[in-house]
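Worksheet for the structure shown next.
Rule-based calculations on the coordinates, nothing more; no lab input. Remember, predicted model here, so these are calculated numbers, not experimental data. Neighbour counts run over all protein chains shown; Cβ positions are idealised from the backbone, glycine included.
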């Protein structure tokens, strides 16, 4: 960011909008992926591990090949692999998807740390940004409106999924399997196979989210790169009631909350701003508490989901 | 839509046998179902009815025997092949996906649906299809929001939409009110008379069989024991074919109720959220007197479960009071023990037992932590627990291999007997029972109902929540109807009328 006009406190909302767009992208991808997985009746907590591993592999491949797009593709492929592995384990009887997810989370993070050591120092080529703020002379606005192509892809994906869940054969099949295994079997569908694919696609999207982290924002690979964003995205899916468009807006909200700390810092608040770095976590807790109840079940939850059964 | 066979098919099984390991589930069963007939299949639990229909539907491979469809031998190796021949099945429990609309449910059940669904064209075809049907169901709301009768109609519509002209119905009315049942079966009956449909219905309700079926076949212990026209058979004939020479427990005569007596259970002005949290359960006034059975009728999901949970202390109330024998009752173990309150929830194996613990331990759930005089004890008295179990098993004729076998190894009837033994032993002033006979065979049902009646005559106040109207009419002194979380109707048994109760259950009034 070169030079800044003095726009006073307007900087805070502006920085938050910019932050929301920048920070939300990995949430969008993980949450959309998790929506697909959970709509099929399975929960994959391993998304956090997939996100971190995707960040590492995307960064590594971008360094080696010099192409950030190849990095994104590699991260997506690895994410699919993680999803397939999760789905394959869960097809065995009496396997708990949540426990497997926690193990997969540890595995993903562990493998990323192990293989990612050589990539901590070198700098990888970044994903290009699209400048939507060309019309403005105010540098803060231009900075806020530097949008990555993946963000727009995420928006498109949310719109597409929202349409596809209602208007395609595969969307309906996914919802059938997620709502009632018995009905699915009576229809001749194999719930395990549908869930396997749904988990693989979900993992692939989480991998893309990871590549965004290391190749665009924050834009470097380190072991603490995700700080739990994969897990919070899973919470976000519940908050968004398994609705893809809801996921998109919830991700923006989380992103905005995540940007609050740095936005305050940028306008010269020097004390206590770091408390606001905890905003997404506090938001997660508030949302989960507010939307839970001990006397009734969630409305809109897929019937086969183990957390709602 | 898939190509539909024009005519209703006929079906015949010849010498069908099926063994599972060493268990002979079906032995040489030959049944003939004519085209356009309404055929009923009767039998106790475990008589082989569902094995037979699963063989017909291609879910099981018969060990020997053949199936003829329209007089030609058919290979029904898989459900898909059975479907291609126009055979369809409507299950006891709904197979509609609750979050999908009726239209979505119908379209996705078709095998040939394209990758992208053209809703305009599909809606047009659905409308054309519905116009040819004798009844209609709203197709644009999620099926989870439909009433049970509409869901069952939609299940039938789905089979017809898929071009199935031979329908097997597995206890299709168990979730319906009497009016809805009458409605649905009447429509099916009309379609069979017109020759559009052949129906094979599994049922245990004799009045339905007599009213709607042309012919009936009876299975007992996997063996075909007879068939006949329903016009030639009385309910007693059919019952004796089903149970053979087994004798049923006889029910006591009713002692008269002391209507002036202080109520044992009094619930007043109770409100609590229901399972979804969207609706409210509210019980204005519910009293059960000693020596009286108060039956609660209602379609599943109208607040009966919540009422039971409130009484069991599993659901917090927003307001209201529960009094037992005049004292405030807060559903703790101490309260229940002090006031002699006992519970028999539905599905007792899951809800009233620790399935993997032994029969003796399960029978001791009320007494393991106190000694003979009701004082708390620290160490378990193993000998007393065993002795207690032995007495109860003897008195209630529970069939178990040993006292130490896990209770989950017992048959459903014996689990229910064991729970009944535990709950009815000792002093019982208030008994709360839910669907006590669900899924049990004739002899177990007769015995369990006789026990409940005995307890009533001994002065116990009984609150009986049941989805089975026949059971309520047999046992209750008063019947209350729950609908949308409220008690909407009350009648003494003497003047109770099934059709009036049914219309209150359905929420008309």
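The table that follows gives values for the structure above.
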read-out: Three-way shape label, the stretch B:11-243, alpha-carbon gyration tensor, a/c 1.5; value: prolate
read-out: Nearest 10 degrees, 0 to 90: helix A:279-290 Cα axis against chain A principal axis; value: 40
read-out: Shielding by partners - mean other protein chain Cβ count within 10 Å, residues of B:114-125; value: 2
read-out: Residue-averaged [θ]222 nm for the protein assembly as shown, counting only DSSP H segments that reach four residues, each worth -39500 (n - 2.57); value: -14000 deg cm²/dmol
read-out: Euclidean distance between Cα centres, the stretch A:9-47 to the stretch A:220-270, Å; value: 6
read-out: Fewest-first ranking of A:254, A:114, using other Cβ atoms within 10 Å as the exposure measure; value: A:114, A:254
read-out: Protection proxy ranking, peptides B:353-360, A:235-242, A:175-182, A:67-74, average beta carbon neighbours within 10 Å, highest first; value: A:175-182, A:235-242, A:67-74, B:353-360
read-out: Cα-based convex hull volume of chain B per residue, rounded to whole Å³; value: 174
read-out: Averaged over B:267-280, number of beta-carbon atoms from partner chains that fall within 10 Å; value: 2
read-out: Share of alpha-carbon pairs per 10 Å distance bin for the stretch B:1-112, given as whole %; value: 12, 40, 32, 14, 1
read-out: Shape category assigned to the stretch B:318-371 from the gyration tensor of Cα positions, a/c cut at 1.5; value: oblate
read-out: Overall dimensions of the stretch A:221-291 as given by Cα atoms, namely Rg and Dmax in Å; value: 13.3, 39
read-out: Alpha-carbon Rg/Rh ratio, for the stretch B:355-425, with Rh computed the Kirkwood way; value: 0.96
read-out: For the stretch A:2-90: rounded, prolate or oblate by the Cα gyration tensor [a/c cutoff 1.5]; value: oblate
read-out: Ranked packing of B:377-388, B:147-158, most packed first, by mean Cβ within 10 Å; value: B:147-158, B:377-388
read-out: Fewest-first sequence of B:104, B:471 by Cβ atoms within 10 Å of each Cβ; value: B:471, B:104
read-out: Average partner coverage of B:85-93, which counts Cβ from other chains inside 10 Å; value: 1
read-out: Percent of Cα-Cα distances greater than 28 Å, calculated over chain A; value: 39
read-out: Cα centroid separation - the stretch B:263-306 against the stretch A:87-125, whole Å; value: 50
read-out: Under the Debye formula (equal points on every Cα, no solvent term), log10 I(q)/I(0) of the stretch A:141-226 at q = 0.10 Å⁻¹; value: -0.40
read-out: Using alpha-carbon coordinates, inclination of helix B:382-396 to the longest axis of chain B, degrees; value: 60
read-out: Gap separating the Cα centres of the stretch B:167-240 and the stretch B:76-111, nearest whole Å; value: 22
read-out: Likely footprinting exposure, B:340, B:253, fewest C-beta neighbours within 10 Å first; value: B:253, B:340
read-out: Kirkwood estimate for the stretch A:164-309, i.e. one over the average of 1/r between Cα atoms, Å; value: 17.7
read-out: Relative contact order [Cα under 8 Å, 6+ residues apart], chain A, whole percent; value: 36
read-out: Kirkwood hydrodynamic radius of the protein assembly as shown, from inverse mean 1/r over distinct Cα pairs, in Å; value: 30.6
read-out: Viscosity 1.567 mPa s, 4 °C: Kirkwood-radius Stokes-Einstein D of the stretch A:1-153 over Cα pairs, µm²/s; value: 74
read-out: Helix A:191-215 vs. chain A, principal-axis angle (Cα, 0 to 90°, nearest 10); value: 10
read-out: Most to least packed among B:184-197, B:432-445 [average Cβ atoms within 10 Å]; value: B:432-445, B:184-197
